[in-house]
Amino acid sequence: MNSEDLLYFLIALPFAGSALAAILPANARNTEAWLAGSVMIAAFIIAAGLYPFISEGEALRNEIEWLPGSGLNFTLRMDGFAWMFSMLITGIGFLVVLYARYYMSPRDPVPRFFSFLLAFAGAMQGMVIAGNLILLAIFWELTSIFSFLLIGYWHHNAAAREGARMSLIITGTGGLCLLAGLILVGHIVGSYDLDSVLAAGDRIREHALYVPALVLILLGALTKSAQFPFHFWLPNAMTAPTPVSAYLHSATMVKAGVFLLTRLWPVLSGTDEWFFILGLAGMSTLLLSAYFAIFQQDLKGLLAYSTISHLGLITTLLSLGSPLAAVAAIFHMMNHATFKASLFMAAGIIDHEAGTRDMRKLSGLFSYMPITATLAMVASAAMAGVPLLNGFLSKEMFFAETLGQHSGSVLDGMLPYVATIAGAFAVTYSVRFIHTVFFGEKARDLPREPHEPPHWMRLPIEFLVLACLIVGIIPGMTVGPYLHTAVTSVLGEHTPQYSLAIWHGINTPLIMSVTALIGGVLLYLALKNYLARCEDGPPGLSHLKGQHIFDRMLVTLSWRWARWLEESFGTHRLQPQLFLVMLTALIAGSWPFFGAGIDFSSPILTGIDPVFAILWGIGVACALGAAYQAKYHRLAALILMGGAGLVTCITFVWFSAPDLAVTQLLVEIVTTVLILLGLRWLPKRVAQIDNASTPVAWTRRFRDLMLAVGCGGGMALIAYKAMTNAPLSDSIARFFLERAHSEGGGNNVVNVILVDFRGFDTFGEITVLGIVALTVYALLRRFRPAPDSIDIPEQQRRQNAFDDNHPDRSIGETVHDYLMVPSIVMQWMFPFIILLAVYFFLRGHDLPGGGFAAGITLAIGILLQYLASGTRWVEDRLYIRPVRWIGSGLLLAVLTGVGSWLFGFPFLTSHFDHLEIPLIGELPVATALFFDLGVLLLVVGATALMLIAIAHQSLRSYRTRSADTEKTGEED
């Protein structure tokens, strides 16, 4: 196996572990922890083993063709910067798993926790090693989804649900902006490949679309990393379990934004727009969040705001456009991950052992847990930037960069003062964390008696704090080579000379550090008494609460604007809604023709067969009759619709399209019966003779008629002109006819197109079909028949009563004297229908048939059993699990497509061969057969699920008419 192939395991292992963890029993907490820990350490070892291949500045790259014609391939790319993040994701992830084993309660649904955590780790790995912009955006959104699930893990808690919802809305919206920005960048470069984008910096910055692309990408990055003014979602995410907070806030979720900014730094930085937008956001976040952190009473709240502030520091460094500033930003990402993860874990231990995180109740814990207190103090000192700790080194580099001239603007001149003040604030909240929690009088009336945690729970903190010390004392020997590898992968030939020495003499950055340290301590002493009793947040800014602004925006959007749109364009009746939809479609479809015009020149026509003309006359009459009868005579309209469908089926036969004819006929049967089953649940319609002849009614009917003629005629015109104007030499039919057998291995061109040439389209269609079936089931599972719907038919009433009174009778006795002969005949037919479905399926690649036709045929067999024998009888004897059929079909279709990757071909590339089978002879076999089987399974599952959703209505009671409904009905 090549080293490039190992990149796939970095993504596949976490997702596979997530799927396995989800099915483990709830009481297997040790097994789940071992599984998650093994996955993390295995991924860590794989990532560590790849370092020799990227240490010289080269990037490992592996590419699987997916949609090569559109430039969308599954490309993975690891350079030094991605390697650094991969090590953080897996290394800290392993420590978090070890910590979570002792933190999580046995009463918690631990399998779900580890499943979400591993899936999130896989999404983060995919994001950092993605070599394609669109692939990066996909994994970016996956991190938002899985972080939503992790933050809302304790979903019984309203605050957890609110925090998860807020994080998903903010980061999800930013993700959509990011996708739009990346698409613009891909348009500018002409490729979505990351290597091509990184090599086109000048072209991107000089393009007219640079500013829109920059703004959209920055919106995505700033929302993800909780930068001002989107910072408020992160403190509200503190309702997540502490292992989640430690992982998301140190090495993963919130680092995604600054990772993206660093990744695209070579192509987007260096402009005034970059500096002012990013610099203003970073400086505001750095200063305001540090100030807010001082006045937090919740330990995790303090750490959350400190995280936001440090991310603001990184963002500010990246905004400067200086290579040395980029070095400092990358270095601080590493340092922040170590001390912030250890601090969150320490806060979790305090909460776990003392029963509270409220700093007003905590004091004197050093005497109860001296080891944990010492570890937390060292980590807090690293966060404050105390010398001989890793945080001091990157902070010194930050101070040094603030002194340089980057734009000559007022914002540039303010930067050293903002940095010093923010550094003093960092010292203040760090000292407060240490002094308030661990010193002073022993706390009383705590929910639990504090004590040291189990050694293995404390071990991750010890390891991370040791890293803070070693890096702070001997940075060049420990982290120096790895930092250089990460820096050169981002900056390339522009990598500057820099030093990680502890002592650079007495200079301005050192003076700024000393000023921040002394000023921070003095500020804490001045605010000490106030902090012990403050309730309303930071003085002067207590009214500035992002959550309130967010809630007001949601209310404005969902209540005022949405309500106005609903009142203006919405209606409780289906007909006006359809009118608006069709009118919009007509306008949108007609708009392009206003400028371009339509060529109405008549083509050369052949003669019309009179039999065919009569046939279509019957079809048109059926369609017009169905439209006329649809309002009050639904059964007649359904029969006429079936007649029109049958004419369409005969038309396909007439034009030598047997595949389409078979599919049309089978679909007509299923849809007609399903609609027929649903008719009885619709409310009764009685013609209002008095209102039918009014001028308003005639006007509305004429309006609807003109709209129908316009839409139908427009579609007919477009189809007509497309067919008659296309030259025969450009016909796509010849392409498929010539290549169906040679490249697809089948003689049935239609089926080869569906499962091979256009297999990706078919995959999308069956996915939509599955979603539709699930939606129908979800809507009908809580539906109760309306009081004015048709009552239970006599035969079904007697049949159900007989089933209840005689549950052990035979088949013939169960159906009693109603539908006895049809039911027995249909039961006998069921095996033959199954055989017919298998026949359609196996012959589909060479003769009319295929997975879709076979699936519909099998669904018809199930449908007949429900019709003849009733819901209870069928479900007592026929084991049907439609959701599993749908899931198995989709999974098989995906695996068929992924299987082609294993042999170096694009997604869903088909392969065929001829096998010699004893006693049977030569048998053509194509891998598309497995994809077709997935189509069959999904079609059967989707149809059966909708059938069951409708059939179960007969087992439910009718809704009782409320007094308000009766009153409304009387008024109507």
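Since every read-out is calculated from the coordinates, none of them should be taken as a lab result. The structure displayed is predicted, hence computed values, not measured ones. A quick note on method: Cβ atoms are made from the backbone with ideal geometry, for glycine too, and the neighbour counts reach across all protein chains shown.
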(request) Would you compute, for the Cα atoms of the range 269-539, the largest minus smallest coordinate along each principal axis and list the three values in descending order, in whole Å? (result) 59, 41, 31
(message) Viscosity 1.567 mPa s, temperature 4 °C: give me the Stokes-Einstein translational D for the range 122-248 in µm²/s, with Rh taken as the Kirkwood radius over C-alpha pairs.
(response) 84
(request) Please work out the FRET efficiency for the pair Glu462 and Leu565, using the Cβ-Cβ distance as r and a Förster radius of 45 Å; give the result to the nearest 0.05. (result) 0.20
(request) Report, as a whole number in µm² per second, the diffusion coefficient that Stokes-Einstein gives for the range 1-160 at 25 °C and 0.890 mPa s using the Kirkwood radius over alpha carbon pairs. (result) 150
(request) With r as the distance between the Cβ atoms of Ser196 and Tyr51 and R0 = 22 Å, compute the FRET efficiency 1/(1 + (r/R0)^6) and round to 0.05. (result) 0.30
(request) Would you grab the residues whose amide H sits under 5 Å from the one on Leu50? Only those 5+ places off in sequence or on another chain, please, with H modelled 1.01 Å from N. (result) none
(request) Among the listed pairs Lys300/Lys528; Lys224/Lys395; Lys395/Lys442; Lys255/Lys442, give every one whose C-alpha distance is greater than 28 Å. (result) Lys395/Lys442; Lys255/Lys442
(request) Name the residues whose placed amide hydrogens come within less than 5 Å of the amide hydrogen of Leu72, ignoring near sequence neighbours (fewer than 5 apart) on the same chain. (result) Leu67
(request) Treat every Asp and Glu Cβ in the range 269-539 as -1 and every Lys and Arg Cβ as +1, leave all other atoms uncharged, and give the resulting dipole magnitude about the Cα centre to the nearest 20 debye. (result) 580
(request) Just grab the label-to-label distance for Asn2 and His952, each label 7 Å out from Cα along the Cβ direction, in nm (one decimal). (result) 5.0
(request) Using only alpha carbon pairs under 8 Å that are at least six residues apart, calculate the relative contact order of the range 219-278 and give it in whole percent. (result) 36
(message) With unit charges on the beta carbons (Lys and Arg positive, Asp and Glu negative) and the dipole taken about the Cα centre of the range 183-283, which residue among Phe232, Thr242, Ile183 sits farthest to the positive side?
(response) Thr242
(message) Tell me the mean residue ellipticity at 222 nm calculated for the chain from its helices only (DSSP H runs of n ≥ 4, each -39500 (n - 2.57), averaged over every residue, nearest 500).
(response) -23000 deg cm²/dmol
(message) Quick check: net charge around Ile277, other residues with Cβ under 15 Å of its Cβ, Lys/Arg +1 and Asp/Glu -1?
(response) -2
(message) Order these by the 10 Å Cβ neighbour count, fewest first: Thr857, Thr694.
(response) Thr694, Thr857
(request) Compute the acute angle (0 to 90°) between the alpha-carbon long axis of helix 928-951 and the principal axis of greatest extent of the alpha-carbon atoms of the chain; round to the nearest 10°. (result) 80
(message) Tell me which of Leu459, Ile518, Val410 sits at the most positive position along the dipole axis of the chain, charges placed on C-beta atoms (Lys, Arg +1; Asp, Glu -1).
(response) Ile518
(message) Sorted from largest to smallest, which semi-axis lengths in Å does the alpha carbon gyration tensor of the range 370-433 give for its equivalent ellipsoid, taking the root of 5 times each eigenvalue?
(response) 29, 12, 5
(request) Per residue of the range 430-442, in order, report the coupling 6.51 cos²θ - 1.76 cosθ + 1.60 (Karplus, θ = phi - 60°) as ³J(HN,Hα) in whole Hz, putting x for Gly and Pro. (result) 5, 5, 4, 4, 6, 6, 5, 7, 9, 10, x, 5, 5
(message) Loop only by DSSP, 13 or fewer other Cβ within 10 Å of the Cβ. Give me the chymotrypsin sites (Phe, Trp or Tyr not before Pro) in the range 833-912 that pass, ordered by residue number.
(response) Tyr879, Phe903
(request) Work out how much length Tyr530 to Val883 would gain on full extension: take 0.36 nm times their residue separation and subtract the Cα-Cα distance, in nm to one decimal. (result) 121.2 nm
(request) Give me the orientation-averaged projected area of the Cα convex hull of the range 732-782, in nm², one decimal. (result) 4.1
(request) May I ask you to evaluate 6.51 cos²θ - 1.76 cosθ + 1.60, the Karplus curve with θ = phi - 60°, for each residue of the range 621-627 and list the ³J(HN,Hα) values in order in whole Hz, giving x for glycine and proline? (result) 4, 4, 5, 5, x, 5, 5
(message) Using Cβ counts within 10 Å as a stand-in for footprinting exposure, how do Tyr429, Tyr291, Tyr628, Tyr530 rank, fewest first?
(response) Tyr530, Tyr628, Tyr291, Tyr429
(request) Using only alpha carbon positions, build the gyration tensor of the range 242-307, then give the equivalent ellipsoid semi-axes as the square roots of 5 times its eigenvalues, largest first, whole angstrom. (result) 27, 17, 5
(request) Take the Cβ-Cβ distance between Trp654 and Leu682 as r, set R0 to 56 Å, and report the resulting FRET efficiency rounded to the nearest 0.05. (result) 0.95
(request) Could you line up Arg77, Arg161 from fewest to most neighbouring Cβ atoms inside 10 Å? (result) Arg161, Arg77
(request) Run the numbers on the range 1-109 and let me know its relative contact order in percent, using alpha-carbon pairs under 8 Å that are six or more apart. (result) 32
(message) Among Pro111, Phe148, Val555, whose Cα projects farthest towards the positive end of the dipole of the chain, with charges put on the beta-carbon of Lys, Arg (+1) and Asp, Glu (-1)?
(response) Val555
(request) Could you list which residues have their amide H under 5 Å from that of Phe907, counting only those 5 or more apart in sequence or on another chain, with H placed in the peptide plane? (result) Trp66
(message) Run the simple label-point estimate for Trp503 and Ala26 please: 7 Å along Cα→C-beta, distance reported in nm.
(response) 6.1
(request) Would you mind calculating the relative contact order of the chain from Cα pairs under 8 angstrom and at least 6 residues apart, reporting the percent as a whole number? (result) 9
(message) Using the Karplus curve 6.51 cos²θ - 1.76 cosθ + 1.60 with θ = phi - 60°, what ³J(HN,Hα) values do you get for each residue of the range 655-664, in whole Hz, with x for Gly and Pro?
(response) 9, 6, 10, x, 4, 5, 5, 4, 4, 4
(request) For the range 416-540, just say rounded, prolate or oblate: build the C-alpha gyration tensor, square-root its eigenvalues into a ≥ b ≥ c, call rounded for a/c under 1.5, and beyond that prolate if a/b exceeds b/c, oblate if not. (result) oblate
(request) Select from the range 398-488 those trypsin sites (Lys or Arg not before Pro) which occupy a DSSP coil region and have at most 14 other Cβ atoms within 10 Å, ordered by residue number. (result) Lys442, Arg444, Arg448
(message) Nearest 10 degrees is fine. How inclined is helix 574-596 to the longest principal axis of the chain, computing both from alpha carbons?
(response) 80
(request) Report the label-to-label distance for Thr584 and Ala719 in nanometres (one decimal), using points 7 Å from each Cα along the Cα→Cβ vector. (result) 2.4
(message) Tell me the label only: which of [x] 33.9, 104; [y] 43.6, 146; [z] 31.9, 118 is Rg and Dmax of the Cα atoms in Å as calculated from this structure?
(response) [x]
